[in-house]
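To keep things clear, I will list the structure first and then write my remarks on it.
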């Protein structure tokens, strides 16, 4: 309170220097202080409704959690047996809560999780490369959002990067040449491109061929898979996204992937692979610095359980449900929303065929057939209508195309329709 009052008085004195006759009244000063106090007490992180059509939306928090994961976080918010064996009363490891689950759903021997995938890459290389050179194809030296750059992470792990091949073509013989020049190398790092695609005159060794080569030369193959799909999405028209199980079956020693993209859980970086290697990663000093907090751990465990048979994760995990939902159901939801706001004055609303996207550093260019409600206001421009929708009591984020606001129903759930309809009424 005192700091706010001092700031208000300082601003008033500064204004009097340039405008001597504009002295504020006591009421003016109190109103200004009251406004600053209200601003400081207001929350800065709000729930919003994603009507952009981008399923894994980085700016909106990526994957929305399943109800089971939210409930698990609430249950873990108080005291819990995070690092305690209740049977013996002795200290245990927080990794024990996830190890078996990750192994079960991925087919790995063991698993652990840290705070994000960049952390998993850093920790894995620090633990298994041991400062020795790490070999990476030039075509996989990616930079993704937030400044994550493969060369920088390799350097921070204490290893030296050895680039092989060219930007568009890398062959096994390139790895052979690198090993002749750097016989002390221990690891080949394979990086999934995640947020870009290279097409045309390109080639790279298949993952199983690269794994065979690595093992024949006494090396480990570590793969940063990024998106973290545990379900084959090809039957739903989403081609080319490898699963964690694919990589492990191909012989990858450690697979690293995100928890909050295609997996559909909280932010996390998951390490799955051979037992001895996972244990070495868990013992590394960096593991403590990068470990998951209890709430993320609880949410991740609950999400992983949704992948256990006979559960169908495409129905239970929100991200997978949105990615795989038939367009007919999306269209029915669009028609229902249109009917709910048909009587709003000065607003034209019609259902359009459109495309949503998987998004979020997993499959950003993967288009998804969708339906959107196109809104045109007789009172406001498209920019102003979109702003009013964003900043209302319930924030609704759509997109603008050709001066029309689109609310994409692929990322709006059935239960959200009344709130969206109310937000449209309030904004119009």
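None of the figures in this text is laboratory data; all of them are computed from the coordinates on show. It should be emphasised that the depicted structure is a prediction, and the values quoted were computed from it without experimental measurement. FYI the Cβ positions are ideal-geometry reconstructions off the backbone, even for glycines, and counts take in every protein chain you see.
Brief remarks on what is shown
- Highest-fluctuation residue, 228, 413, 359 considered, GNM on the chain with Cα pairs under 10 Å: 413
- Share antiparallel - DSSP beta bridges, segment 67-312, percent rounded to 5: 45
- Footprinting exposure proxy for 307, 236, 79 (fewest neighbouring C-beta atoms within 10 Å first): 79, 236, 307
- For segment 70-174, the convex hull drawn through the C-alpha positions has a volume of 181 cubic angstrom per residue.
- A simple spin-label model places pseudo-atoms 7 Å from Cα toward Cβ; at residue 166 and residue 198 they are separated by 1.1 nm.
- The chain - share of DSSP beta bridges that are antiparallel (%, nearest 5): 60
- Rule-of-thumb Rg ratio for segment 105-157 [Cα; 2.2 N^0.38 Å; N residues]: 1.24
- Least to most buried among 401, 239, 68 (fewest other Cβ within 10 Å first): 239, 401, 68
- Equivalent ellipsoid semi-axes - Cα gyration tensor, segment 126-238, angstrom: 23, 17, 15
- Cut-off 16 Å (backbone N to label point 7 Å along Cα→Cβ of residue 384), residues of segment 392-428: 392, 403-405, 426-428
- In degrees, nearest ten, helix 294-305 long axis to first principal axis of the chain (Cα): 70
- Taking the C-alpha atoms only, the angle from helix 207-216 to the longest principal axis of the chain is near 40 degrees.
- Highest-fluctuation residue, 123, 292, 352 considered, GNM on the chain with Cα pairs under 10 Å: 352
- Relative to the longest principal axis of the Cα atoms of the chain, helix 172-181 runs at roughly 70 degrees.
- Volume in Å³ per residue [convex hull over Cα atoms, computed for segment 30-120]: 218
- Chain lengthening between residue 355 and residue 180 when straightened (0.36 nm per residue, less Cα-Cα): 58.1 nm
- Over the chain, relative contact order from alpha-carbon pairs under 8 Å, at least 6 apart, %: 21
- Debye log10 I(q)/I(0) for segment 384-428, one point scatterer per Cα, at q = 0.17, 0.29, 0.32, 0.34 Å⁻¹: -0.42, -1.14, -1.28, -1.34
- Potential lengthening between residue 402 and residue 367 on full extension [0.36 nm per residue; Cα-Cα distance subtracted]: 10.7 nm
- Largest-first ellipsoid semi-axes for segment 67-312, taking √(5λ) over the Cα gyration tensor eigenvalues, angstrom: 31, 21, 15
- All C-alpha to C-alpha distances of the chain, sorted into 20 Å bins beginning at zero, yield P(r) values of 23, 44, 28, 6, 0 percent in whole numbers.
- Largest GNM mean-square fluctuation among 213, 380, 201, using the chain with Cα springs under 10 Å: 201.
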